Structures are given as structure tokens and as C-alpha cells.
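So the structure is just underneath, and the comments pick up after that.
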Amino acid sequence: MRTLILSITLVCLLPCFGFGQSKKTKSFSGMLEYKISVRDSALQDLVPDTRMVVYTNDTIVRIENFTDRLGLQIAIKHMVLDKSYLLLETEFGKYAIQMDETKTQEKMQASDTTQSEADKFSYTKKCGKQRLHGRKMNRVLVSNPGFEEPIEFLYLKGYSTKIVDTYPKIGGLPTKYSVITADAIYDYELVKISEYAPTHDLFGVPSDFKRVSFDEFIDKMIESKKKQEGE
């Protein structure tokens, strides 16, 4: 059960956690939508494409993931305070799980984004730029033992890596990239970008969601399961 929640959490928050950056960055406020598809052609018929939508006001990020198995998952992260919440609607209530309180979460967050994992990646900048949705994207060739061959990533140079904090070392906002998971390699490609001022309500925890720690949520889930088994 705990493993299932960790999996849900990683789906939501994998793009959120990383090493940050100290350099001054360009401001971005608006919405980014990515298409997510499995790289392995043999799995493409079995694993449907999904979407990830990112909203940001350049201080707070809201990431929405959609999957048939898990439904809507929402992660909200304050980029300055490093506070994150995972919003989940369950059969036993609505919860905003604070993701930076327990040692369990620290281990989980580090599992895919530790420095040792980051050191497995190497980056080679490529000359020239590529246009995507009317914008000039920088190019970088990324190598990793998990890739059969180097993969070309695209990114908007100079924007905060914390908006989509998967590869902070590329020095920008990734717009076409790949992520290694235990099951497969997934390709992320920006399909829509819109700059505007999102409503502040998008970045708050709804009043009907109860704020709990990760361990408290696990306890409530176990309690709910026991009640169901006792009926």
C-alpha cells in the first residue's frame, strides 16, 4: 500500500524535485502542456499517451497529471519555500499531503533525483537552434546508461529549471526530453505554451482538502481498508 502511494507521488512530483539553481533566471508565468508517450515502440499500443499540464506564476507551480489508472493527480510546489503538496481525492476523503515533512518522503524524493543518479547523465551542447511553437529552442545531446543511444533534448534557455525540475543542469526550461522510470523511458514533448497571469486560486489548497503528512495519510488509508474488510 505504501509502495502504491510512493508510485502515485513519483508520477506527480518527479518533475518537481531537483537540485535547483542559483543563477538569475527569466520570468515565466502561464501554462505549459506536455504530451507524454512511451519510447519503446513495442509498448506504445499498450501504454496510451497522457498529458501533463503545468501552471506557474513564477513562484508557485501546479502540475496536473492525467492517467487512466490513477485519474487526476495534482502537485503544488512553492519554488522559493520548497513546500509541496500532493492533492488526492480518495474514497475516504480529500487530502493535501505535505511532501517535505518526513524521513520517508526525503528518501522517496531522493530515490530518482540524488546526485549519484544525476552523475549518470552527461550533456553535450549542440550548435544551432530548433523552433518549437514559434520559439527558438536550445539543443543538447543527453547520454545515460539507461538510454540505448544519446537523446536530443530541447529547452528554453535561461528560464527557471524549477518550473519543470527534471534536468536542472541543462540551464533552462525543458520542452522536449525523456525520463527514465522503473517500467520504461517516457518522452515528454511540449504541445502548448501560453504566457499569462493564472488565477491565484490555482495555486492554493482547496478548503475541502485536509492537510496531512505523508505518514498520516498512510495511516488513514490503512484504517479505511481495515473498516472495509470488517464490513
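Closer than 17 Å to Arg39 by Cβ, out of contact with any helix residue (DSSP H, G or I) (no Cβ under 8 Å at 6 or more places or on another chain), of a type in the set (A, V, I, L, M) and not in a strand (DSSP E or B): does that describe Ala182?
Yes, satisfied.
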Would you confirm whether any residue within segment 138-160 is in contact (Cβ under 8 Å) with a residue 60 or more places away in the chain and over 21 Å from the mean Cα position of the chain (by Cα)? no
Quick one: would you say Asp208 is on the phi < 0 side of the Ramachandran plot, part of a strand (DSSP E or B) and among the acidic types (Asp, Glu)? no
Considering every residue within segment 212-221, establish whether at least one is loosely packed, with under 14 Cβ neighbours inside 10 Å and without any contact (Cβ under 8 Å) to a residue 12 or more places away in the chain. yes
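Which members of segment 60-71 meet the condition of being on the phi < 0 side of the Ramachandran plot and without any contact (Cβ under 8 Å) to a residue 24 or more places away in the chain?
If the condition is that a residue be on the phi < 0 side of the Ramachandran plot and without any contact (Cβ under 8 Å) to a residue 24 or more places away in the chain, then Glu64, Phe66, Asp68, Arg69 are the ones that fit.
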Just the residues that are aromatic (Phe, Trp, Tyr) and crowded, with 16+ Cβ neighbours inside 10 Å, please, taken from segment 180-211. Tyr186, Tyr188, Phe203, Phe209
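We did not get these values from a lab; they are worked out from the coordinates using the rules stated. Computed from a predicted model, the values in this text were never measured in an experiment. Virtual Cβ from ideal backbone geometry, glycine too; neighbours counted across all protein chains shown.
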